[in-house]
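Derivation of every value follows stated rules applied to the coordinates shown; laboratory data play no part. These numbers come from a predicted model, not from an experiment. All Cβ positions, glycine included, derive from the backbone under ideal geometry; neighbour counts span all protein chains shown.
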Amino acid sequence: MRIKKEVIWIILIIFSYSNLALAIKNSSNYDDIMSEIESEYSDENTKKVSDPLEPVNRVMFKINDKLYFYFFKPVAKTYTEIVPLNFRQGISRAFTNIKYPIRAVNYILEFKFVNFFKATCRLIINTALGFGGLLDPASGIKSLKKPPKADTGLTLGKWGLGHGVYVVLPVFGPSSLRDGVGTIGDYFLNPITYVEPAYASYGIKGGEKLNYLSLHLGEYEDLKSAAMDPYIAVRNAYIQHRDSLLSNN
């Protein structure tokens with residue numbers, strides 16, 4: 001039991017770094033952040049989200065930073081040396097396919113029925129013809145272009161709920177009060193949650209996050225090296241990323 005608990009904690013922390021990589025990579029102003037990082041100190045950026053817990057958040061940020069460089073980055077690099085890029089990309093597509101219920105339910109809650117139809121067609125085609133989603137033949141059909149991302153946090157934003165308080169957790173990484181609540185909804189909509197025994201479910205999710213991290217190594221390092229204050233840069237990247245997804249949905 002002790003070993004299982006330790007494995008679960010490792011998986012959860014890997015999850016935090018995959019979220020961090022996602023926030024940095026998909027920030028709508030990623031190039032601007034890298035070339036004009038001084039803008040992170042402008043009132044427009046720093047006041048975009050409430051951060052009353054900044055002292056605590058900075059401590060959590062430093063803990064995550066050390067764990068990334070001393071443990072999780074080496075693990076991810078070893079993984080990239082073992083698993084070829086094309087196969088890792090296929091694994092990423094397969095997990096996207098599996099998590100269809102998260103997108104489907106939130107498209108319905110947002111009354112995005114066209115996106116729901118497209119997502120459903122993509123699921124059927126990619127599952128049947130793409131070896132369970134490892135391949136993406138549906139993207140070859142112009143009318144089935146991948147619809148915008150959907151999750152419970154974005155749905156809450158679509159309903160008018162703001163970010164709330166910004167938080168950095170030692171396990172889940174950068175988030176906000178709204179997205180934290182949304183994560184709970186996504187947890188119950190994710191089919192992998194219901195895999196038994198429980199440690200197998202955590203293992204699969206951890207494998208997904210490790211695979212994602214392996215595809216985005218170097219992005220956090222680039223942002224950190226260019227930033228005068230990496231904490232603020234990551235906070236802005238996360239909020240910009242979520243705002244971009246909301247505006248494009």
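Which residues among the stretch 187-227 fall inside the zone where the amide N is under 14 Å from a point 7 Å beyond the Cα of TYR79, along Cα→Cβ? Hits in the stretch 187-227 for TYR79 at 14 Å: 202-218. Over the stretch 158-241, the hull volume per residue, using the convex hull of the C-alpha atoms, is 119 Å³.
With neighbour counts taken as other beta-carbon atoms within 10 Å, the residues VAL59, VAL114 rank, fewest first, as VAL114, VAL59. Return the lysines within reach of LYS48: Cα separation strictly under 23 angstrom, same-chain partners fewer than 8 residues apart disregarded; answer none if there are no such residues. Within the straight-line limit of under 23 Å, LYS48 reaches these lysines: LYS25, LYS62, LYS149, LYS158, LYS224.
Gain in length, ILE204 to LYS158, computed as 0.36 nm per residue apart minus the alpha-carbon separation, to one decimal in nm? Walk me through the numbers on the way to the answer.
On the way: separation 46, 0.36 × 46 = 16.56 nm, distance 3.01 nm.
Between ILE204 and LYS158, full extension yields an extra 13.5 nm.
Counted by neighbouring Cβ atoms within 10 Å, the residues ILE82, ILE204, ILE141, ILE91 run from fewest to most as ILE82, ILE141, ILE204, ILE91. Which residue, chosen from VAL75, LEU134, TYR166, occupies the Cα position most advanced towards the positive end of the dipole of the stretch 35-166, where the dipole is computed from +1 (Lys, Arg) and -1 (Asp, Glu) charges on Cβ about the Cα centre? Of the candidates, LEU134 comes out farthest on the positive side.
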